[in-house]
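Read through the structure below, which is laid out as structure tokens, and then see the notes.
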Amino acid sequence: MNKIVISVSDIVTRLGLNLIHDGLSMSVKRGEIYGLLGGSGSGKSTLLKEMIMLVRPESGEIRLLEHNLTSITLTEIAKLQRRWGVLFQSGALYSSLTVKENIGITLREYTCLPDTLIQEIVRVKLRMVGLSDGAADLYPSQLSGGMIKRVALARALAMDPELLFLDEPTSGLDPVGAEAFDHLILELRDILGLTIVMVTHDLDSIWTVVDRFAVLGDKKVVAEGCLADVIENPHPIVQQFFKGARGKIRSQNGK
Ligand SMILES: Nc1ncnc2c1ncn2[C@@H]1O[C@H](COP(=O)(O)OP(=O)(O)OP(=O)(O)O)[C@@H](O)[C@H]1O
Ligand SMILES: [Mg+2]
């Protein structure tokens, strides 16, 4: 659990005229669920996109699964992309494809597996995220918000990734749905041995599933660690997040 699989060192990110990160560093250990917390616009999604190479930092270094993303070759990128799964903030299912087609799309894109095997893998992934076979032929418009998140998660798991990136996986879910989804994430991490990076605004998720997390603010990581440590950090941005949370943590005696 102590091996570092993602390390972000002193990155500077600029998008258009906006300076998004200015000397941001953090690291994720194998097997942990790592949270990215911070106000809207603090650069959480951008940081996640940098880890999967959709955005490039202007300077600094990102190392992921022993590759330096700043000097990686195209062949290495192609191999690396199969080792992670992503659930984007928007959920982003293809509306014209059924559930089974949405889940199978990466397998069709990245592998030469026969259709019967792809169908079988899709069925397994559907069950893995708690959906029945009956959901396979539905279209996204026929799904509830919670089901959409589960299908997007099944798609992220399609290639049996080692790393899972989740951008606000519980946003838009009611508290019961969000709690169920949190437990699903925990269960999948334990069963599949995943390392998970999860952007979240949800303090309940920080409470229940996240092992360690970073608080983004002032274009940097202003605090990093487990809940018990971060909550004691005097930085005003951290304190603002956890206002009132101290009582809860004390009454629960930690996570
Ligand atoms: N393509 C882009 N061009 C210019 N600015 C961008 C671009 N994408 C994002 N930004 C800006 O970068 C900043 C960080 O955006 P980002 O989406 O990473 O924030 P976030 O922390 O994920 O916010 P939220 O919690 O609202 O999702 C925002 O100010 C946003 O307007
Ligand atoms: Mg975001």
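Where a number appears in this text, it was derived from the coordinates with a stated rule and is not lab data. Worth saying up front: this structure is predicted, and the values here are computed from it rather than measured. Neighbour counts are summed over all protein chains in view; Cβ atoms, including those assigned to glycine, are modelled from backbone coordinates with ideal geometry.
Observations
- Span per principal axis, largest first, for the Cα atoms of the range 147-203 (Å): 28, 21, 17
- Contact order relative to length of the chain, as percent, for alpha carbon pairs under 8 angstrom and 6 or more apart: 25
- Label sites at SER141 and LYS29, each approximated as a point 7 angstrom past Cα along Cα to Cβ, lie 4.8 nm apart.
- FRET efficiency, LEU192 to GLU61 (Cβ-Cβ, R0 25 Å, nearest 0.05): 0.30
- Within the range 90-160, the ratio Rg/Rh, alpha carbon atoms throughout and Rh by Kirkwood, equals 0.92.
- Helices meeting the span-like rule in the chain (full DSSP H runs, Cα extent of at least 24 Å along the helix axis, mean Kyte-Doolittle score of 1.0 or higher) are absent.
- Our estimate of slack between LEU97 and HIS201, defined as 0.36 nm per intervening residue step minus the Cα-Cα distance, is 34.5 nm.
- Estimated FRET transfer efficiency (GLU76, VAL124; beta-carbon r; R0 22 Å; 0.05): 0.15
- Residue pairs, from the table LYS100/LYS125; LYS44/LYS79; LYS29/LYS125; LYS49/LYS125, whose Cα atoms sit over 20 Å apart: LYS44/LYS79; LYS29/LYS125; LYS49/LYS125
- For the residues THR200, THR70, THR116, a GNM of the chain with alpha-carbon springs under 10 Å puts the largest fluctuation on THR116.
- Contour minus Cα-Cα distance for ASP160 and CYS226 (0.36 nm per residue): 21.0 nm
- When CYS226, CYS112 are arranged by Cβ crowding within 10 Å, least crowded first, meaning fewest neighbours, the order is CYS112, CYS226.
- Sparse-neighbourhood loop sites, trypsin sites (Lys or Arg not before Pro) in the range 1-44 - DSSP loop, at most 15 other Cβ within 10 angstrom: LYS3
- More than 24 angstrom apart: percent of Cα pairs within the range 110-255: 41
- Counting every C-alpha pair in the chain, the share spaced more than 33 angstrom apart comes to 20%.
- For a modelled paramagnetic label at ASN68, 7 Å from Cα along Cα-to-Cβ, the residues of the range 25-44 in reach, with backbone nitrogen under 20 Å, are 25-28.
- Here the label points at LEU17 and TYR110, each 7 Å from Cα along the C-beta direction, are separated by 3.9 nm in the simple model.
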